[in-house]
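A short write-up of the structure that comes next.
What follows is calculated from the coordinates using simple rules that are stated; it is not laboratory data. What you are looking at is a predicted structure, and each value in this text was computed from that prediction instead of being measured. All Cβ positions, even for glycine, are placed from backbone atoms using ideal geometry, and neighbour counts span all protein chains on display.
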Amino acid sequence: MKQKQLILPQTIYNQIVEDCRNNLPYESCGLVTGLDHRVNKFWPLDNELKSTKRYFVSKQSLEAVMNEITQSGEQVLAIYHTHPVTAPVPSSFDLKNHPDHSVYMMIISFKLESPMCKLYSVENNRYLECDITFAT
């Protein structure tokens, strides 16, 4: 059974939040990569829908980023997206469209003044909250 934890350096988390905040009121999305459950880099993706409730990244855009990630020797650890005005809980749409049960789903909510981040493992349209350790 895989370890249900992600180690996320605070500096990278702050960069993700800043990038996501700059895209409000629209949903933001991207990938976090690293090794052994430790995040080393984040890869913001362009939400081509420009929607407050959904995000979409074209296959072509995703393939270009995935090629760079493969060349870096890192693994995709999580797919992140934001909920601009709702809690950081996966919607039925999120669950149905999560592409890979071996990759975490990270949701950052801007519903409250301070962003809230939650991490989930997703399989068979069900989710389990996992631990995020914010490291220095």
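Rg over Rh of the chain, using C-alpha atoms and the Kirkwood radius, what does it come to? Rg/Rh for the chain comes to 0.92. When His101, His37 are arranged by Cβ crowding within 10 Å, least crowded first, meaning fewest neighbours, the order is His101, His37.
Antiparallel versus total DSSP beta bridges in the chain: what percent is that, nearest 5? Let's see the in-between values first.
Details: 23 of 35 bridges.
The antiparallel proportion sits near 65 percent.
Taken one residue at a time, the phi angles of segment 82-89 give Karplus couplings (6.51, -1.76, 1.60, θ = phi - 60°) of 9, 10, x, 9, 10, 5, x, 10 Hz. Gly and Pro are set to x.
In the structure shown, the pairs Lys4/Lys41; Lys4/Lys96; Lys4/Lys59 are assessed against 25 Å; a Cα-Cα span above that value is assigned to Lys4/Lys59. Here the chain is treated with +1 on each Lys and Arg Cβ and -1 on each Asp and Glu Cβ, and its dipole about the Cα centre works out to around 320 debye.
Can you put Leu8, Leu49 in order, fewest other beta carbons within 10 Å first? Don't jump to the answer; show the numbers that get you there.
Numbers: Leu8 24, Leu49 14.
Ranking Leu8, Leu49 by Cβ neighbours within 10 Å, fewest first, gives Leu49, Leu8.
Peptide packing for 123-129, 77-83 was compared via the average number of neighbouring C-beta atoms within 10 Å per residue; ordered from the highest value, the list is 77-83, 123-129. Segment 9-68 and segment 94-130 have Cα centres lying 13 Å from one another.
Annotation: amide H-H contacts under 5 Å for Tyr80 (H modelled 1.01 Å from N, sequence separation of 5 or more, or interchain): Gly30, Leu31, Val32, Met106.
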